[in-house]
1. As I understand it, the value is the acute angle between the Cα axis of helix 13-24 and the longest principal axis of the Cα atoms of the chain; what does it come to in degrees, rounded to 10?
2. With both bridge residues required to lie in the chain, what share of the DSSP beta bridges run antiparallel, to the nearest 5%?
3. Relative contact order (percent) for the chain, with alpha-carbon contacts under 8 angstrom and 6 or more residues of separation?
4. What number results when the radius of gyration of region 2-186, computed over Cα atoms, is divided by 2.2 N^0.38 Å?
5. Work out Dmax and Rg for region 14-54 from the C-alpha atoms and quote the Rg first, both in angstrom.
6. Could you give the Stokes-Einstein D for region 109-187 in µm² per second, using the C-alpha Kirkwood radius, 20 °C, 1.002 mPa s?
7. Convex hull volume of the Cα atoms in region 50-98, per residue, in Å³?
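We did not get these values from a lab; they are worked out from the coordinates using the rules stated. All values derive from a computational prediction rather than experimental measurement.
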């Protein structure tokens, strides 16, 4: 079995991944994949807990349970912009880019490919449990049902980021995200 925690980034994926890792223990091998879409698992007899910010794979994985965390792209971008330059330089490749040069990559165009990332999971061939950041820490029951095992979640950490920027390049995605339920399964 593969449990995949995927996200736009800055949406609680680390908190969920770490919580699952603690609760699943040695039953699952934990892996962080920058290139999830092209990674081939060699051992079908191993259970994997995977974290990624990459786009979805094209093929359906029958033994996978995917949880995708999302938020307003304005929250994501402003949270990313509030991080240190070191975090940005180290974190940028997780979104499929080699080099972080300046904040203009996030303000002038969708420099993290948030729209493509979200749409790849939304329209993927896999059954996906979508959870908005605002509902994540109250979603233990939905996650437990989806995974078929009881899990608990840590307490919510309130976002400290103040929305300073609402770049036009994210308006379409933000409108779409606002139209969605906070927790839903897309199959």
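1. 20
2. 15
3. Numbers: 296 pairs, mean separation 51.1, N = 187.
Relative CO of the chain lands at 27 percent.
4. In units of the 2.2 N^0.38 Å rule of thumb, it is 1.00.
5. Over region 14-54's Cα set, Rg and Dmax evaluate to 10.6, 28 Å.
6. Rounded, D is 147 µm²/s.
7. On the way: hull volume 4.8 nm³, N = 49.
Per-residue hull volume (Cα only) is 99 Å³.
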